[in-house]
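The values are calculated or read from the model by the stated rules, or taken from the named source; none is laboratory data. Since the structure is predicted, the reported quantities are computational estimates derived from the model, not experimental observations. Virtual Cβ from ideal backbone geometry, glycine too; neighbours counted across all protein chains shown.
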Amino acid sequence: MATFIYEAYTREGAITHGEYEGATRDEVVAYLIKRDLTPISVDALKGQGGGGKGLSLTLFERVGPVDVMFLVRNLATMVKAGLSIVEALDILIADAEKNIMKRVLQGAQAMIKNGQSLSKGFEAHANLFPSIFLGMLRAGEASGQLGKTLTELAKYLSKDYALRSKVKSALMYPVILLVASSGVVVLLLIFVLPRLTKAFASSGVELPWITKFFLGLSSALTWSFLLDAVIVIVLVWFFLYFRTTRTGKKFFFLIISHTPVAHDLVKKVALVRFGRTTGNLVASGLSAVESGGMSISDAFAKYPDLFPRLLISLLVVAERTGTLSEILITFADFYEEEVDNKLKDLTATLEPALLLIMGLLVGSIAFSIILPIYQLVGHFT
């Protein structure tokens, strides 16, 4: 654990300071967001590790959402204060804790000194940053309102991070429950059933099919623990790799979007991110494209399964009043409350369902053990 000093905006726009003990900067940021505070800076006290700073190997470093959020927030503050982009990047490079971020900022600064724009400097590392980050940078430079655009982008990134944190927190307990229950089942198959195999084999009693099934599964798991470890490592690696590919993302989205319990939640989360992203892009200066003379509301109305009637009605009003960005952001804020309600419903449904499933599985294993024991007792009496 380390002590962090933080600076953040309150809901009223005032700046507050404080200290918080946490393992990582991400934990401190999550704590601030839960208290409706917008982080400005989070720094570990000198002489402390800062939550994993010792692993400075670039091979294991990555640019996370918290890193991008602080980068945008600090850059916006310095640009609005009147510093040039090169001067602002000098300060950010000096304060960068991660080697990968330092190299990215140095590369962007070098491109700016050679006459390129800030967005071009970050586009060289497009795989490290969300697409909205690059899109709003380009729009802010084109409109001459880079400071304002960066401030709005910082707010967007903070709210998007808060939304992700809510979803992860809500699903944490069901995941822990699933892992713990699976561990109990594996322990039964590896340590309990093998001890009964010899007794059942020497008894001469015909075993029921359920017992044969679990004994076969137990034999497969205990045949080679080294092979089990290799298979688990390969499966975990494949899962982590596959979910980052385009095909993997489509595959997992297809499964989740067709799951009855999670379908509505996924749709609402997508609508929140769509509304907030599009609203911020329009506000930054990007134009909303119309094709064939069709209005945006008419275009979206063609997909009633994706866009609710409320959004279509709001877009009609926005087109008449010229307030598209404000309407979209308001819609996103409204639907975020719906996401909170759906998360509560999801966890309330998942927990008893998982308990029931795992209870049935453990009960089946217990039944497969008890049934032949009764047969064995009856055989000798």
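Values for this structure:
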| quantity | calculated |
| --- | --- |
| Test: residue in the stretch 81-98 that is surrounded by 14 or more Cβ atoms within 10 Å (Cβ to Cβ), of a type in the set (Gly, Ala, Ser) and in contact with a Gly (Cβ under 7 Å, 6 or more places away or on another chain) | no |
| The listed residue being in contact (Cβ under 8 Å) with a residue 60 or more places away in the chain and either assigned by TED's automatic domain parsing to the domain that holds Lys212 or within 30 Å of Leu281 (Cβ to Cβ) (or both), out of Leu328, Leu324, Leu343, Leu360 | Leu343 |
| Matching residues, the stretch 17-50, being within 18 Å of Asp160 (Cα to Cα), at pLDDT 75 or above and hydroxyl-bearing (Ser, Thr, Tyr) | Tyr31 |
| When residues of the stretch 252-284 are limited to those that are buried (at least 17 other Cβ atoms within 10 Å of the Cβ) and at pLDDT below 75, the one nearest to Ala142 (Cα to Cα) | Ser284 |
| Exclusive hit being modelled with pLDDT of 80 or more and out of contact with any strand residue (DSSP E or B) (no Cβ under 6 Å at 6 or more places or on another chain), set Leu207, Leu171, Leu188, Leu196 | Leu188 |
| Conditions (1) aromatic (Phe, Trp, Tyr); (2) at pLDDT 85 or above; (3) assigned by TED's automatic domain parsing to the domain that holds Phe122; number of the one not met by Trp237 | (3) |
| Test: residue in the stretch 323-332 that is under 19 Å from Ala170 (Cβ atoms) and assigned to a helix (DSSP H, G or I) | yes |
| Some residue of the stretch 118-125 being surrounded by fewer than 20 Cβ atoms within 10 Å (Cβ to Cβ), among the hydrophobic types (A, V, I, L, M, F, W, C) and in a helix (DSSP H, G or I) | no |
| Residue that is farthest from Tyr335 (Cα to Cα), among those in the stretch 133-189 that are among the aromatic types (Phe, Trp, Tyr) and surrounded by 18 or more Cβ atoms within 10 Å (Cβ to Cβ) | Phe133 |
